[in-house]
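Novice: Here it is: the structure, laid out below.
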Amino acid sequence: MDIDRGANKKLNPRTTATIPFNHNQIFDPFLSSKNHRNSKKANFSKGSFHKLQVHVLDSIHTKMNIQVRKEKKEKYIQAFPVIIENTASLKSMNLPLHRGCALIIQQMKTKKNKWIDIENRTKEKLGDFYYKIKPKQYIYTKTPIYSGKDSVEIRIKLVLGDTAIYSNTYKSTVPNWIKRKE
């Protein structure tokens, strides 16, 4: 994977972040290096996704590119690796993607034990497709670490059309203005 301790900044947005981030593509380690293009497993048929699981590797820090389309300079921040795994033993699962990025939204647990989204899903419809994950295989992506002073409990919601799958919980930080959404 791409473990790199080079990025020392955390994401500090002025407004609620819109996901997926432009440059946070998925990585499939099961494609050969000659045919590393994700289009080999891309399709437009929905398929099933009930055996997908999401794991956040919160003990590892990596870096993530959050460059905005208009900017030409790359901008890196700290991120947690995220594994999306197909736990089925015989059947391939189809993961919805938007422009090659998984639709993962971080959620924060409030003092009232409710989960609230700290990121918004893009409203764009162009660029949606499905990615086939074969049995007992996985893909890899990242989620940003937000800057903040207090630690909160966070999880990832993987958006799968009308349903969602949730990851393990982990401790991270968020800006104070997000904590006021409670």
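Novice: Find all pairs meeting these conditions: Cβ atoms under 9 angstrom apart; at least six residues apart or on different chains; first residue within segment 50-61 and under 17 Å from Q106 (Cβ atoms); second residue among the charged types (D, E, K, R) and not in a strand (DSSP E or B).
Specialist: H61/D4; H61/R5
Novice: Restricted to segment 1-46, and to residues that are in contact with a Ser or Thr (Cβ under 8 Å, 6 or more places away or on another chain), modelled with pLDDT of 70 or more and polar (S, T, N, Q), which residue is farthest from D128 (Cα to Cα)?
Specialist: So, considering only residues that are in contact with a Ser or Thr (Cβ under 8 Å, 6 or more places away or on another chain), modelled with pLDDT of 70 or more and polar (S, T, N, Q), the one farthest from D128 (Cα to Cα) is N12.
Novice: Could you run through segment 130-182 and say how many residues are free of Cβ contacts under 8 Å to residues at least 40 places away in the same chain, part of a loop (DSSP other than H, G, I, E, B) and under 17 Å from S48 (Cα atoms)?
Specialist: Residues meeting the conditions: 1.
Novice: If you don't mind, another one. Filter segment 114-129 down to the residues that are free of Cβ contacts under 8 Å to residues at least 60 places away in the same chain and under 15 Å from Q25 (Cα atoms) and list them by number.
Specialist: Scanning segment 114-129 gives G127, D128.
Novice: Check segment 118-132 and report whether any residue there is within 18 Å of N12 (Cβ to Cβ) and surrounded by fewer than 14 Cβ atoms within 10 Å (Cβ to Cβ).
Specialist: Within segment 118-132, one or more residues are within 18 Å of N12 (Cβ to Cβ) and surrounded by fewer than 14 Cβ atoms within 10 Å (Cβ to Cβ).
Novice: Any chance segment 77-92 includes a residue that's at pLDDT below 85, buried (at least 18 other Cβ atoms within 10 Å of the Cβ) and on the phi < 0 side of the Ramachandran plot?
Specialist: Within segment 77-92, none of the residues are at pLDDT below 85, buried (at least 18 other Cβ atoms within 10 Å of the Cβ) and on the phi < 0 side of the Ramachandran plot.
The values are calculated or read from the model by the stated rules, or taken from the named source; none is laboratory data. Remember, predicted model here, so these are calculated numbers, not experimental data. All Cβ positions, glycine included, derive from the backbone under ideal geometry; neighbour counts span all protein chains shown.
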